[in-house]
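Here is the structure we will look at, set down as structure tokens.
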Amino acid sequence: MRFYENPKKVSENREKQRAYYIPENDGAYTLLNGEWNFKYFSRDVDYDGKIENWDKVKVPSCWQTTGYEKPNYTNVAFQFPVDAPYVPDDNPLGVYMREFEIDDTERKHYIVFEGVSSCLELYINGKYVGFSQGSRLQAEFDITKYVKKGKNTVLAKVVKWCCGTYLEDQDAFRCNGIIRDVYLLSRPVGHIKDISVTTDKNTVNVVFEGKANVKLYDSGKLLDENDCNKKCTFNVENPTYWNAEKPYLYTLVFEYEGEIIKIKFGFVTIKISSNKELIINGESVKLKGVNHHDTSPKNGWYMTDEEILTDLRLMKKLNINTIRTSHYPPTPKFLNYCDEMGFYVVLENDMESHGFCIRFGHYEYDALDKTWPCANPDWDFYLNERMERTVNRDKNHPSIFMWSVGNESGYGVNMRNMLNLIRKLDKKRLVHCEDACRQIEFPQEYEPIDVFSGMYLPIDDCVAYAENKDNRLPVFLCEYSHSMGNSPGDVHDYVEAFYAHKAFIGGCIWEWADHVAMDNGVQKYGGDFGDLTHDKNFCCDGMVFSDRSLKAGSYEIKTAYQNIKTAYNKGILSITNRFDFTNLNEYDFKFDIEIDGKIVKAFNKKFDVKPKKTVKFNLDFDLPKSCKLGAYVNIFMYDKDGFECAQSQHKLEVEVEKITAPKKLAKLNEEKLSITANGNGFEYSFSKQYGNFESIKINGEEKLLDVIKLGVWHAPTDNERKNKHYWGGYDNSQTGYNLNKMFSKVYSCEIKNGKIVVSGSLAGVARIVCFRYTLTVSIYENGDINFDLKGDRNPAINFLPRLGFELKLPENDDKFTYFAYGKGESYIDLHHHARMGLYKSCADDEYVNYVKPQEHGNHYNAKMLDIDNSFKFKTDSSFEFNVSHYNAKTLEYAMHTDELVKDKATNVRIDYKVSGVGSGSCGPELNEKYQLKEEKIRMNFWIIK
Ligand code: GAL
Ligand code: MG
């Protein structure tokens, strides 16, 4: 056994984990980030202690983003055989070396590594100091006796894998190296050690090792001062409480022999009420959260302060109030920012052993098996050690309201020991373990956990659990609304369910940002680098893109999480305050009354509405009797900087005028293969062979590049990764409905009462008919066309991706005006971020840059689509549409965006319906109410000349 393969000895000479702080007096802190000497060995055994030709690398960084190894994304699979605690004999090694200066040998000197993957062996001036495992945990070494005045060297040996790797199988690109800050601390002899700050009502309890003068400040104002020995208490009269909306912090300043340490803390109380609500500072709170991984397209696991702040600021703007640090503690600064900016944090331990599930070549969550570290007695020590380090590092953060022992690690006795350890170390915060809730062998009633946690559970199951009086725990979804690609479509319904059920306290979206590896400007993922094992693009599942730009799903989440809920009924608008600690009088409201896309009245208002209360007011507007497209009231909420925090829209009761059919039908001429009609400025030819228009000439100009078709297929979304095999035909001739290999059959095409009547069907190759229809086409004397489609969907196929007409128009007929949900894409289950209105766009602006190309750019609930110089589609009901320079096949088969080639055409879809996007890539099957499932189908629309 190599020394790094022993789970019973995972460190040597490392300091006992203390609370995170950095002394702030001059000279105390020297950051060693920056250029280091570096040498990479593909086998650690090849390093003989001598390196002559050093490379240079920036620290922190990862070998995979500095070019020493290729990026490898794997989800569940380990990168090596499952033979714990052993790792491959050929274990890559990175040796890091740099110099540093020491000018005072009278003091104590420490070196701190905030994160090294997978583990670290430390040498100062050529002498071995110690070693440490735990990639995302702090390793501090006392180097006083190794340093000398003047120049010193630090050398760190970092191997790619160690036994700890069996506990770090998180779903992400696998990265190695010194991945977080490294720094020196210079401290007075006899300095204080560790600091624990807890509050109880208005008392502040401070415990530490050593002696110090301790001052308590409130916003720069000195409240109290004490010379303390090991512990002291302070009283704060009427303290201002910390919460995520108004994060109020007090500061303790510790002074000893010129050393100054500041700890910011907050007053916050956390409990679960008797009716299973989450109560923070006495208020029931809903957790509107997201899972955050450290991921940067440039630096892999290393996130700069600026990148972290960008993420947190953006989360605030998207109305997120909770972060689960999946699935390891972030760099400590991250938590300082959370304290200051206001987030409820679920702090997760660096622990995941998911790869054990697939050790037999199939997926089996046999997580009680002794093979798993969670159950194997040899690993008990190590699991506890990790948990203790986590809690001790982060215990002073008011933002952390719940500890989590880890993710997907099974539920053996070692896990329970970790839970009990947290209970012992921290009496106030909640404890989370999703694995404990998976094991039906252990009724959660008896486990030391505070929430029933689940992943991707359907809403109905969560509600049933929450409403069952026999259950002890509230429901918390540690992961839900899998935001992969064009998604998520279900977040709105989940959030409404949180609010509708007391014991459904919220959840965290999976996940914050896409993980990608950049390759010549192209976003790449698993399998793109000759990977031995990988999980394709399953890492591209962020609610924001890898560069933190936003997609429709980001806005959908922002809207679902917004802090107002509005309703409209017969002239009365109501606005409910969904904040828990904030009055709506801190915001400005604007209202637009918009008729047929024109704002006819706009006004501003302010409201004094306490948390959870509702205000109602009369819209006070004389509505017209009728309009042409639709009348709506739009509501916007702005913060003091004018940023739009929330928006919503309601339909007003104004009748929409119906389309009046022209009086006379055009004269039809029937030929062998076609039916034609001509008139003032138009010439149409309808194919009897294919049952639709093959030529539409307007003012002599051909507007169709191909016959109009009926279709049900679109490029599958990531969320349809399972359904696509059911719907489509891929490698196996015997499975799937082959909807991507469609035949169109025309049984008859005749003229009846001056109209063209087609009877036809659609079916995939080698499969049953999926849709049988009658299409009645009326061509009027002025050139207007009415399409009336009646059909039966074959219920043998569970539901369809979409159904509608496909037109190929000339490339430049790509600019258009529409009345539908816009701007940006919208789907039946992803439109709360959008508003009905009159918008202009063009095919290129409709394109959305999903990492793996897929269906995008739909518009739900369209009443009108007017393509410049081409067709104007209208309806008395509604249709969905899509305008794109890409065809479905191109989008389907392109694996990366650089493989996309535009058509020399504009593809237009006028759809009866498009099924919702859901979040089925990992979440539950698309809710039936969003499926194209109905058997009787009727669609009517016009092309108006
Ligand atoms: C969960 C897991 C996450 C991630 C997600 C899928 O099961 O906890 O880490 O893998 O699925 O994207
Ligand atoms: Mg996993």
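The values are calculated or read from the model by the stated rules, or taken from the named source; none is laboratory data. Predicted, not measured: the structure shown is a model, and the values here were computed from it. With ideal geometry, Cβ positions are generated from the backbone for all residues, glycine too; neighbour counts draw on all protein chains shown.
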- Query: Within segment 344-361, how many residues are more than 21 Å from residue 422 (Cα to Cα) and either within 16 Å of ligand 2 (Cβ to nearest atom) or crowded, with 18+ Cβ neighbours inside 10 Å (or both)?
  - Reply: 6
- Leading residue by the ranking (nearest to ligand 1 (Cβ to nearest atom)) among those in segment 474-494 that are under 28 Å from residue 846 (Cα atoms) and hydrophobic (A, V, I, L, M, F, W, C): 484
- Filtered residues of segment 103-117 (kept if in contact with a strand residue (DSSP E or B) (Cβ under 6 Å, 6 or more places away or on another chain) and either among the small types (Gly, Ala, Ser) or surrounded by fewer than 23 Cβ atoms within 10 Å (Cβ to Cβ) (or both)): 107, 108, 109, 110, 112
- Message: Tell me the residue from 98, 43 that is buried (at least 18 other Cβ atoms within 10 Å of the Cβ) and of a type in the set (Lys, Arg), please.
- Response: 98
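Quick grid of which residues meet (1) more than 17 Å from the chain's Cα centre (by Cα); (2) touching a residue at least 24 places away in the same chain (Cβ under 8 Å); (3) closer than 24 Å to residue 59 by Cα:
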residue	(1), (2), (3)
292	no, yes, yes
318	no, yes, no
332	yes, yes, yes
338	yes, yes, no
341	yes, yes, no
- Unmet requirement for residue 917, which otherwise passes all of (1) within 16 Å of ligand 2 (Cβ to nearest atom); (2) modelled with pLDDT of 95 or more: (1)
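Determine which member of the set 363, 337 is hydroxyl-bearing (Ser, Thr, Tyr), within 16 Å of ligand 1 (Cβ to nearest atom) and out of contact with any Gly (no Cβ under 8 Å at 6 or more places or on another chain).
Exactly one residue qualifies, and that residue is 363.
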- Message: If I filter segment 548-580 down to residues being surrounded by fewer than 18 Cβ atoms within 10 Å (Cβ to Cβ) and basic (Lys, Arg), which single residue comes out as farthest from residue 484 (Cα to Cα)?
- Response: 570
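Quick check on residue 761: is it loosely packed, with under 15 Cβ neighbours inside 10 Å and at pLDDT 95 or above?
No; evaluated as a whole, the condition is false for this residue.
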- Query: Taking into account only those residues within segment 166-188 that are under 18 Å from residue 30 (Cα atoms) and in a loop (DSSP other than H, G, I, E, B), which is farthest from ligand 1 (Cβ to nearest atom)?
  - Reply: 188
- When you go through 416, 438 one by one, which is the residue that is in contact (Cβ under 8 Å) with a residue 24 or more places away in the chain, within 23 Å of residue 920 (Cβ to Cβ), among the basic types (Lys, Arg) and crowded, with 18+ Cβ neighbours inside 10 Å? 438
- Query: Quick check, is residue 333 closer than 22 Å to residue 195 by Cα and surrounded by fewer than 20 Cβ atoms within 10 Å (Cβ to Cβ)?
  - Reply: yes
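Have a look at 456, 494 and point out the one that is modelled with pLDDT of 95 or more, touching a helix residue (DSSP H, G or I) at 6+ places or on another chain (Cβ under 7 Å) and aromatic (Phe, Trp, Tyr).
Exactly one of 456, 494 is modelled with pLDDT of 95 or more, touching a helix residue (DSSP H, G or I) at 6+ places or on another chain (Cβ under 7 Å) and aromatic (Phe, Trp, Tyr), namely 494.
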- Check on residue 323, within 26 Å of residue 196 (Cα to Cα), within 16 Å of ligand 1 (Cβ to nearest atom) and either part of a strand (DSSP E or B) or not assigned by TED's automatic domain parsing to the domain that holds residue 397 (or both): yes
- Query: Could you list, in sequence order, the residues of segment 310-349 that are of a type in the set (Ser, Thr, Tyr) and out of contact with any helix residue (DSSP H, G or I) (no Cβ under 6 Å at 6 or more places or on another chain)?
  - Reply: 310, 322, 325, 326, 328, 331, 344
- Query: Are any of the residues in segment 120-130 modelled with pLDDT of 95 or more, out of contact with any helix residue (DSSP H, G or I) (no Cβ under 7 Å at 6 or more places or on another chain), in a loop (DSSP other than H, G, I, E, B) and over 26 Å from residue 53 (Cα atoms)?
  - Reply: no
- Message: The conditions are (1) without any contact (Cβ under 8 Å) to a residue 60 or more places away in the chain; (2) under 27 Å from residue 547 (Cβ atoms); (3) basic (Lys, Arg), and residue 469 fails exactly one of them. Which is it?
- Response: (2)
- Task: Among the residues of segment 403-415, write down those that are away from ligand 2 (no atom under 16 Å from the Cβ) and either assigned by TED's automatic domain parsing to the domain that holds residue 77 or at pLDDT below 95 (or both).
- Result: 412, 413
- Subset of segment 917-942, residues surrounded by fewer than 24 Cβ atoms within 10 Å (Cβ to Cβ), touching a strand residue (DSSP E or B) at 6+ places or on another chain (Cβ under 6 Å) and closer than 21 Å to residue 881 by Cβ, comes to 932, 937, 938, 939, 940, 942
- Output yes when any residue across segment 532-546 is outside any helix (DSSP H, G or I), without any contact (Cβ under 8 Å) to a residue 60 or more places away in the chain and among the β-branched types (Val, Ile, Thr), and no when none is. no
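Listed here are the residues, each with its yes/no results for (1) buried (at least 17 other Cβ atoms within 10 Å of the Cβ); (2) in the same structural domain as residue 452 (by TED's automatic domain parsing); (3) under 22 Å from residue 507 (Cβ atoms); (4) of a type in the set (D, E, K, R).
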| position | (1), (2), (3), (4) |
| --- | --- |
| 222 | no, no, no, no |
| 239 | yes, no, no, no |
| 258 | no, no, no, no |
| 291 | yes, yes, yes, no |
- Do you know which of the residues in segment 687-736 that are part of a loop (DSSP other than H, G, I, E, B) and β-branched (Val, Ile, Thr) is nearest to residue 801 (Cα to Cα)? 712
- Query: With (1) surrounded by 24 or more Cβ atoms within 10 Å (Cβ to Cβ); (2) among the aromatic types (Phe, Trp, Tyr); (3) closer than 30 Å to residue 80 by Cα as the list, and residue 476 as the residue in question, which single condition is left unmet?
  - Reply: (3)
- Residues (of a type in the set (Gly, Ala, Ser) and without any contact (Cβ under 8 Å) to a residue 40 or more places away in the chain) located in segment 748-758: 748
- Within segment 848-858, is even one residue outside any loop (DSSP other than H, G, I, E, B) and not aromatic (Phe, Trp, Tyr)? no
- Item | Residues of segment 334-357 that turn out to be part of a helix (DSSP H, G or I) and under 15 Å from residue 136 (Cα atoms), as a count | 2
- Task: Just name the residue that is farthest from ligand 1 (Cβ to nearest atom) out of those in segment 392-431 that are over 19 Å from residue 244 (Cα atoms) and charged (D, E, K, R).
- Result: 427
- Tally, over segment 484-508, of residues that are within 16 Å of ligand 2 (Cβ to nearest atom) and either aliphatic (A, V, I, L, M) or in the same structural domain as residue 580 (by TED's automatic domain parsing) (or both): 1
